[in-house]
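The values are calculated or read from the model by the stated rules, or taken from the named source; none is laboratory data. These numbers were taken from a predicted model, which means no experiment stands behind them. Cβ sites come from the backbone with ideal geometry, for glycine too, and all protein chains shown count toward neighbours.
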Amino acid sequence: MQPHRVLAVLLFAPLLAPAQVIGTLGNFDVVNNTGQEAHGFEIELEGLHLSDITDTFGGAGRGFPTTVERYGAPVVSAYANGSIFGVRVTYQASFAAGVWSTGTPSGVFSTPGESCWTGGGIAYGPSTPCDHFGVGNVGSPTKTTYSWLVEANPGSGVLNPVAASLPAPQWQVTPAPVVGAPPVVVARIQAPQPPEAPEPQFGTPLWVKVYSTELEDKVGLEELMGGNAKVEQARQHTEIEWQLLQTDPGNPAAGALENGGGAEMGAGKEAVLRRYEFYAYTGAFDPASHEAKPLFGDSHPDATEIGDFMGAQNVALNLNGNPVAAVPEAPSAGLMALGLGALVVWRRRQLRA
């Protein structure tokens, strides 16, 4: 690189903003609608390391005992496949003498709320076809996958993952254009991808309702429960009444919902809490493409088009550490001085030559 090019880099390279450390939390009810009894559940968090996991629902050494859900404390493990890496949080029953210690039956659960655990107040037990799981972590995974663990061959003791019909929000935090101003926080959820078919098909449609609130203090994983004051505060603020989500093979951007309005967080706010409720779509379909055809559009469902409750997500994002700093548009005086100093040194070397 020539000296004058070095100088250009010094003079005009912007000052980078300090990294914002965020904490993301998710507690959720999920219904087992696989058609098979499950003997575990797995949360796969791509792009995270073991050191990024801060908490798990039912995990050892936290406020709730391991008995809050039927599988006890989960096993947290790292995985890698080439350049792809991440963490798995695995809830699983034990298997001995051809018998599983417990399982989640497949079925219908019609009570939306954080009720699928021993403290949920619905007489949760062996016949309840849903469970409650959760994980807290530093940062935000690049991809989150939920799977029920079921036996391919009954009695084999070998479990295979089957995708759960519950989208996971992906958080994005963007610095505000003004130094010291609150950041812009957006949550994005994606409808389930369509199954493989000879002809491109629309994915499985589902209805979603969204509630949201901002808080002046941070949120803990154990607070993301039905009846908690922070969750109830969110339920008083409807962000999206109804929205139909469905992937479209001809439009890669379809089936995604970004909520947050593109607005900055309120001054002095430390956390965003959102609640998502998911319901099956039971309306009409295009017989060829499987595209949903609701009677009154994708934001005004008819009562006959709202099917079984599929699950609910209570998620929160905590802004930890220093506030997000914006990237200055002009170089600072210190950087300019550094560039001018480099110019003097370069000029002296040229004269000696």
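Return the residues of segment 295-310 that are more than 27 Å from THR34 (Cβ to Cβ) and acidic (Asp, Glu); say none if nothing qualifies.
If the condition is that a residue be more than 27 Å from THR34 (Cβ to Cβ) and acidic (Asp, Glu), then ASP302 is the only one that fits.
Looking only at segment 264-282, decide whether some residue is among the acidic types (Asp, Glu), within 21 Å of ALA163 (Cβ to Cβ), surrounded by fewer than 18 Cβ atoms within 10 Å (Cβ to Cβ) and within 22 Å of the chain's Cα centre (by Cα).
Of all residues in segment 264-282, those among the acidic types (Asp, Glu) come to 264, 270, 277.
From what's left, within 21 Å of ALA163 (Cβ to Cβ): 277.
This time we only want the ones that are surrounded by fewer than 18 Cβ atoms within 10 Å (Cβ to Cβ), so: none.
No - not one qualifying residue is present in segment 264-282.
Got a sec? Which of PRO301, PRO205, PRO252 is over 30 Å from VAL178 (Cβ atoms) and either without any contact (Cβ under 8 Å) to a residue 60 or more places away in the chain or of a type in the set (A, V, I, L, M) (or both)?
On the way: PRO301 fails: either without any contact (Cβ under 8 Å) to a residue 60 or more places away in the chain or of a type in the set (A, V, I, L, M) (or both); PRO205 fails: either without any contact (Cβ under 8 Å) to a residue 60 or more places away in the chain or of a type in the set (A, V, I, L, M) (or both).
After applying the criteria, what remains is PRO252.
What is the one condition in (1) more than 23 Å from GLY226 (Cα to Cα); (2) buried (at least 16 other Cβ atoms within 10 Å of the Cβ) that SER77 does not satisfy?
Every condition holds for SER77 apart from (2).
Inspect segment 164-175 for any residue being more than 24 Å from LEU25 (Cα to Cα) and aliphatic (A, V, I, L, M) and give the result as yes or no.
No, because not a single residue in segment 164-175 is more than 24 Å from LEU25 (Cα to Cα) and aliphatic (A, V, I, L, M).
Kindly provide the set of residues from segment 165-197 that are touching an Asp or Glu at 6+ places or on another chain (Cβ under 9 Å) and modelled with pLDDT of 80 or more, ordered by number.
LEU166, GLN172, VAL184, VAL185, VAL186, ALA187, ARG188, ILE189 - these are the residues of segment 165-197 that are touching an Asp or Glu at 6+ places or on another chain (Cβ under 9 Å) and modelled with pLDDT of 80 or more.
Please state which one of ALA337, ALA292, ALA325 is at pLDDT below 50 and crowded, with 16+ Cβ neighbours inside 10 Å. Even if it seems obvious, please write down each step before you answer.
Numbers: ALA337 fails: crowded, with 16+ Cβ neighbours inside 10 Å; ALA292 fails: at pLDDT below 50.
Only one candidate qualifies: ALA325.
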